[in-house]
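A.B. asks: The structure follows.
The values are calculated or read from the model by the stated rules, or taken from the named source; none is laboratory data. All of these numbers come straight from a predicted model, not from anything done at the bench. Quick reminder, even Gly has a Cβ in these numbers, built from the backbone with ideal geometry, and neighbours come from all protein chains shown. Accessible surface areas use protein heavy atoms only, side chains included; no ligands, DNA or RNA. Shrake-Rupley method; radii C 1.70, N 1.55, O 1.52, S 1.80 Å.
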Amino acid sequence: MLWVTLDRSPANAVTREMYIEIADLFGNIDKAGVDVRAVVLRAQGPHFCAGNDLDEFATMTPENGTERMWRVREAFFAIQDCAVPVIGAVQGAALGTGLAIAASCDFVVAARDARFGLPELSVGVMGGARHLARMAPQPLVRRMFFTGDPVRADAFAAAGGAVVLCDQAELDDTATKFARRVAGFSPTASRLAKHILNRIEDMDLKSGYAFEQGYTVQMSGHPDSKEALSAFREKRPPRYVPAA
């Protein structure tokens, strides 16, 4: 398990250089440690991420904006496409870019009083709604986008938002528990599952299931598949080979 921490006081506002660093880290996760099987993405301080660095954002123009937006996309998609599962651990504010970073994770654990929001219209920009749609139904996405009002995590969950709630003091422990559970499965199977889930996210049911079945056939030839079944039957911990 690998911990990745956003650490830019006071609210972890993201700069261009941070986007580059995020893209490089998550796009090359195996360089970060030996046998990484799961990542917890968390933040230092009272807030997860309050958005972009507004001073830097104020200098964006039509001339430099295309490159900057590419850097943003590369960072978000590197988290989403990371070779291993990524669990977000959110406290305080997750606004704009902060919300998109959280939504790029495979799933999110949040303190009950954490706040999710898309203040894009408040600062004269667009973006974030499609990422929020990975976590929330459309009526909630639209309410949050058109009002710009942040929503507490417990209210977000009650309205259909997909977050695991816990007390602030339990955030790290809860995220760690999930990460250890994820890391306990075959590393080859987990990485394959990450690839599959990303591919089928926007497929229709029939196409998506057929795609999954093809990898079921492929995985059946891997020793970890037989080991998982044997361990389950024998009620013992499995002994998996390192990821290929």
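A.B. asks: Restrict the search to the stretch 182-244; then list the GluC sites (Glu not before Pro) that DSSP places in a loop and that have at most 13 other Cβ atoms within 10 Å of their Cβ. Kindly include the intermediate steps, with their values, before the conclusion.
C.D. replies: Working: sites: E201, E212, E227, E234; in loops: E201.
Here the GluC sites (Glu not before Pro) that fit, given the DSSP loop and packing criteria, are E201.
A.B. asks: Here's something else I'd like to know. Relative contact order for the chain: what is it in percent, counting Cα pairs under 8 Å that are at least 6 residues apart?
C.D. replies: Working: 417 pairs, mean separation 43.3, N = 244.
Reported relative contact order: 18 percent.
A.B. asks: With both bridge residues required to lie in the chain, what share of the DSSP beta bridges run antiparallel, to the nearest 5%?
C.D. replies: Values: 2 of 22 bridges.
Of the beta bridges lying entirely in the chain, close to 10 percent run antiparallel.
A.B. asks: Could you put V34, V141, V241 in order of accessible surface area, largest first, with the 1.4 Å probe and the full protein assembly present?
C.D. replies: Numbers: V34 140, V141 5, V241 60 Å².
Ranking V34, V141, V241 by accessible area, largest first, yields V34, V241, V141.
A.B. asks: Hey, another quick one. Tally up the carbon and sulfur contribution to the accessible surface of the stretch 136-244 as a whole percent, 1.4 Å probe, everything protein left in place.
C.D. replies: Details: 4080 of 7010 Å².
About 58 percent, which is the carbon plus sulfur part of the accessible surface.
A.B. asks: Among A159, A11, A102, which one shows the biggest mean-square fluctuation in a GNM of the chain, springs joining Cα atoms closer than 10 Å?
C.D. replies: Residue with maximal mean-square fluctuation among A159, A11, A102: A159.
A.B. asks: Separate question: Which one, A102, I196, A11, is farthest towards the positive end of the dipole of the chain when Lys and Arg carry +1 and Asp and Glu -1 on their Cβ?
C.D. replies: So the residue we want is I196.
A.B. asks: Report, ordered by chain and residue number, the lysines lying within cross-link reach of K235, taken as a straight Cα distance under 23 Å and ignoring same-chain residues fewer than 8 apart.
C.D. replies: K177, K226
A.B. asks: Rounding to the nearest 10 and keeping the result within 0 to 90°, find how far the Cα-based axis of helix 16-27 lies from the longest principal axis of the chain.
C.D. replies: Tilt of helix 16-27: around 10 degrees.
A.B. asks: Checking the a/c ratio against 1.5 first, then a/b against b/c, what shape does the Cα gyration tensor give for the stretch 1-105? Before the final figure, lay out each step's value.
C.D. replies: Values: a/c = 2.20, a/b = 1.37, b/c = 1.61.
Oblate is the answer for the stretch 1-105, as a/c is 1.5 or above yet b/c matches or exceeds a/b.
A.B. asks: Per DSSP helix of 4 or more residues, -39500 (n - 2.57); summed, then divided by the residues of the chain. What does that give at 222 nm, rounded to the nearest 500?
C.D. replies: Values: 11 runs with 117 residues, N = 244.
After summing the helix terms and dividing by residue count, I get -14500 deg cm²/dmol.
A.B. asks: Another question, if that's okay. Need one word for the chain: rounded, prolate or oblate. Basis is the Cα gyration tensor (sqrt eigenvalues a ≥ b ≥ c); a/c below 1.5 gives rounded, then a/b vs b/c decides. List each step's numbers first, then the result.
C.D. replies: Numbers: a/c = 1.75, a/b = 1.69, b/c = 1.04.
Prolate, since a/c reaches 1.5 and a/b exceeds b/c.
A.B. asks: If you don't mind, another one. Would you grab the residues whose amide H sits under 5 Å from the one on V164? Only those 5+ places off in sequence or on another chain, please, with H modelled 1.01 Å from N.
C.D. replies: Here V108, V109, A110 satisfy the definition.
A.B. asks: If one takes the longest principal axis of the Cα atoms in the chain, at what angle in degrees, from 0 to 90 and to the nearest 10, does the Cα axis of helix 138-147 lie?
C.D. replies: For 138-147 against the chain, the angle is about 30 degrees.
A.B. asks: Helix 62-80 sits at what angle to the longest principal axis of the chain, using alpha carbons and giving 0 to 90 degrees rounded to 10?
C.D. replies: 30 degrees
A.B. asks: Continuing with this model, one more query. Report the relative contact order of the stretch 83-136, percent, no decimals, based on alpha-carbon pairs under 8 angstrom and at least 6 residues apart.
C.D. replies: Working: 77 pairs, mean separation 21.1, N = 54.
Reported relative contact order: 39 percent.
A.B. asks: Hey, what did the stretch 103-180 get for relative contact order, percent, Cα under 8 Å, at least 6 apart?
C.D. replies: 44 percent
A.B. asks: Then there's this: Quick one: dipole size for the chain, taken about the Cα centre, charges +1 on Lys/Arg Cβ and -1 on Asp/Glu Cβ, in debye to the nearest 20.
C.D. replies: On the way: 27 positive and 29 negative charges, 179 e Å.
Computed charge dipole of the chain: roughly 860 debye.
A.B. asks: Given a 1.4 Å probe, how much area per residue of the chain is accessible, in Å²?
C.D. replies: On the way: 12900 Å² over 244 residues.
Roughly 53 Å² per residue, with all protein chains present.
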